[in-house]
Each structure stands twice: as structure tokens, then as C-alpha cells.
2 protein chains.
Amino acid sequence: MYAVIFRAKPGVQDEEYGITVAKMRELAFEKYGCLEFVAATAGEEEVTISYWENEDAIKHWKNDSEHALAQSLGRKTWYESYIVQVVEIKREYSFN
Amino acid sequence: MYAVIFRAKPGVQDEEYGITVAKMRELAFEKYGCLEFVAATAGEEEVTISYWENEDAIKHWKNDSEHALAQSLGRKTWYESYIVQVVEIKREYSFN
């Protein structure tokens, strides 16, 4: 399994931002097989982790035309800066 | 580079919890070469991401005796449930 860690400093997040985020999440799940999505905040920083079956799914998602437009608006307006880390989950364990 | 994603549902987090968290973070940086630590919240869930040079550093950190005790208290009292994911960072890019 793979994941994408996205950590961002917000810029100007208008109404369009919220609409786009919701739309992108739906698209990621319905068309690109996103498995899970965690949205967190660390002070001013946004931290999201999305989970994917493999790296190809992530690449296809990144290249989606609507998503590409959203990324472009993200860089132009919604985010001051961000870092994206594509990671492979080597092992996991849990306690319940 | 490696990272550890830790996602937890809090249990009973007493005063000892805060003291231990601060102590563990210091120990991770000073003795085990932790590179970066991000602490976030997603609703009720705690989400932390710690970054490490390699998998050995993570193993040594996991087996530290003080850390082992903290983990045990975590399971007994401070956390209702958690998941730990050890991940390898395959690629990253940023916008600034």
C-alpha cells in the first residue's frame, strides 16, 4: 500500500476552495480508487494523508485534468507553500 | 528517508501523559536521530508523523527502554486504539 502525505501552509482559502476540496475528494475515491483520507491540522499547517493501492493509482490521480486545475489554483491562491511526500507502507501494526 | 505515521484515538490523558510525550520527543531527537516531528489532530484523532534517516533508527527508537514503558502506558491508559505505519519516502516535491 502507498500513501501521499500532503503538508501545506494555507494561503487565501475562498469559498471555491472548500467546494473544490470536497469535489476532489469524491473524485479521488470514485474514479481513482483512493482507499482512505485523513485530514488533520497542526497549528497553521494542514496535514492530509491519502492511502492508495499502488503508485500507479497516485500517478493517474495526479494527472487527472480536474485535479491538475485544482493543483494550479492551489499554487496560485489557496496555498502559500506545500510539500508532497509519496510513501510506501512497509509495515503496520495496531492496538485496539 | 523513512517516516512513522501514528494515528490514535485518545483514552485517559492525564498530566503524566503530557510530561511523557515531551520527554519522548526529546529522547527521539537527541538519542535516536529523529529528523522532524509533526503533531496534528483530525477531529478526535491524533495524527503524528516522525521522520527518520532509515529503518534501523526507527527500530532502535521503538526498543528504547523508556519508550517501551511509555508505549505500555499508552496501551493501558492514554490511548483507546492506535495504528502505526512505518513508511519509506519514495519521492517528494514541494511548492514555495
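Data overview
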quantity	calculated
Some residue of region A:17-33 being surrounded by fewer than 14 Cβ atoms within 10 Å (Cβ to Cβ), in contact with a helix residue (DSSP H, G or I) (Cβ under 9 Å, 6 or more places away or on another chain) and modelled with pLDDT of 95 or more	yes
Enumeration of residues in region B:40-53 that are at the interface with chain A (Cβ under 7 Å from one of its Cβ atoms) and more than 11 Å from B:Ala8 (Cβ to Cβ)	B:Ala40, B:Ile49
Failed criterion for A:Ser50 (all others in (1) surrounded by fewer than 14 Cβ atoms within 10 Å (Cβ to Cβ); (2) closer than 25 Å to B:Val47 by Cα; (3) in contact with a helix residue (DSSP H, G or I) (Cβ under 9 Å, 6 or more places away or on another chain) hold)	(1)
A:Gly43 over 14 Å from the mean Cα position of the chain (by Cα), open to solvent by 30 Å² or more (accessible area, probe 1.4 Å) and not aliphatic (A, V, I, L, M)	yes
Matching residues in region A:56-90 - criterion: being open to solvent by 80 Å² or more (accessible area, probe 1.4 Å) and outside any helix (DSSP H, G or I)	A:Glu80, A:Lys90
Residue within region B:5-12 that is assigned to a helix (DSSP H, G or I) and open to solvent by 50 Å² or more (accessible area, probe 1.4 Å) present	no
Residues of region B:13-44 that turn out to be touching a residue at least 24 places away in the same chain (Cβ under 8 Å) and assigned to a helix (DSSP H, G or I), as a count	9
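The values are calculated or read from the model by the stated rules, or taken from the named source; none is laboratory data. Here the structure is a predicted model, which is why all the values come from computation and not from measurement. Note that each Cβ is placed from the backbone with ideal geometry, even for glycine, and that neighbours are counted across all protein chains shown. The accessibility values were calculated without ligands, DNA or RNA, using every heavy atom of the protein model including side chains. Shrake-Rupley method; radii C 1.70, N 1.55, O 1.52, S 1.80 Å.
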